[in-house]
Amino acid sequence: MAAPVSPCRSLSWEAMPMTRPTYTALTNTQFLLAESSQVAQALLEGADWALLRRAAQEGRLFGRGRASSQLTVLTALRGRFHEVPREVLPELAAGTLEARRLLVLGMITRRKPLLRDFIGQVLLHQWQRLAPRVTDADARAFLTHQAEQHPEVATWSPATQQKTRGNLTRFLVDAGLLKESRQGEFEILPQYLSPQVRAAVHDLDPHLPVLLEALK
């Protein structure tokens, strides 16, 4: 059984001005690294969202696939790209794998603070205890704790809870923060941000670089 989730003890994290977030579930879409880079490149080349939507409707935007699936992905990405600074797009389109992963993570956490708080309250807590491991049970305990603190989480259906719990760790595996060691168990990976990547991630989610830099 997982130990109760404790608040993060990082001084820099606690010192950051925070407002009570509204949590929304992590369902329906995936991390979408390749698709995010593709859209960033298209936007840099002058495409607009109407053009991208037409390509998705014709099933030719993201390789070959059903138009309905491509439209679902594009709708999710349009939400993530909303108000993303144009200066971030070149790194997102053609940066290193590590950089692109962290930029996509920043695009998600700026809209899904639940995932960012999972990093701060669970990953960083374990890291500081010199026990750099996370399990599905930790994710379950985290969501149980959040349901006690946030009424919107308490109203989620069991299916939404289960999908969100799985995506908390799955997204962080895709982002390069976790590595699955066995089913339901994950190793926390150290993070090293170049000044350029740190600045770009900060432009997306100012709270995220503090957490990432604490994981080293």
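The values are calculated or read from the model by the stated rules, or taken from the named source; none is laboratory data. Everything numeric in this text was worked out from a predicted model, so none of it was measured. To get the accessible areas, we keep the full protein, side chains included, count just its heavy atoms, and leave off ligands, DNA and RNA. Shrake-Rupley method; radii C 1.70, N 1.55, O 1.52, S 1.80 Å.
For region 27-82, report the accessible area per residue in Å² (1.4 Å probe, heavy atoms, rounded to an integer).
55 Å²
Binning at 10 Å from 0, report for region 27-82 what percent of all alpha-carbon pair distances ends up in each bin.
Percent of Cα pairs in each bin: 25, 63, 12, 0.
Quick one: grab the alpha carbon gyration tensor of region 152-216, order the square roots of its eigenvalues as a ≥ b ≥ c, and give me rounded if a/c is under 1.5, else prolate or oblate depending on whether a/b is larger than b/c.
The shape class here is oblate.
Rounded to a whole number, what % of the accessible area of region 64-118 do carbon and sulfur atoms account for, probe 1.4 Å?
Heavy-atom surface of region 64-118 belonging to carbon and sulfur, 1.4 Å probe: 48 percent.
Would you please classify the overall shape of region 64-216 from the alpha carbon gyration tensor, given that a ≥ b ≥ c denote the square roots of the eigenvalues, rounded means a/c under 1.5, and beyond that prolate means a/b larger than b/c while oblate covers the rest?
oblate
Which lysines have a Cα lying under 21 Å from the Cα of Lys112, excluding residues fewer than 8 positions away in the same chain?
Lys163
Given only helices, namely DSSP H runs of n ≥ 4 each adding -39500 (n - 2.57), what is the per-residue ellipticity at 222 nm of the chain, to the nearest 500 deg cm²/dmol?
-16500 deg cm²/dmol
Relative contact order, percent, of the chain when contacts are C-alpha pairs under 8 Å separated by at least 6 residues?
29 percent
Can you give the relative contact order of region 95-214 as a percent, counting alpha carbon pairs under 8 Å and 6+ residues apart?
35 percent.
Per residue, how much accessible surface does region 95-214 expose to a 1.4 Å probe? Answer in Å², no decimals.
That works out to 44 Å² for each residue.
Using a Gaussian network model of the chain with C-alpha springs under 10 Å, which one of Gln196, Gln162, Gln41 is most mobile by mean-square fluctuation?
Highest fluctuation among the options: Gln196.
Measure out, as a whole number of angstrom, how far apart the alpha-carbon centroids of region 42-86 and region 126-155 sit.
Answer, in whole Å: 33.
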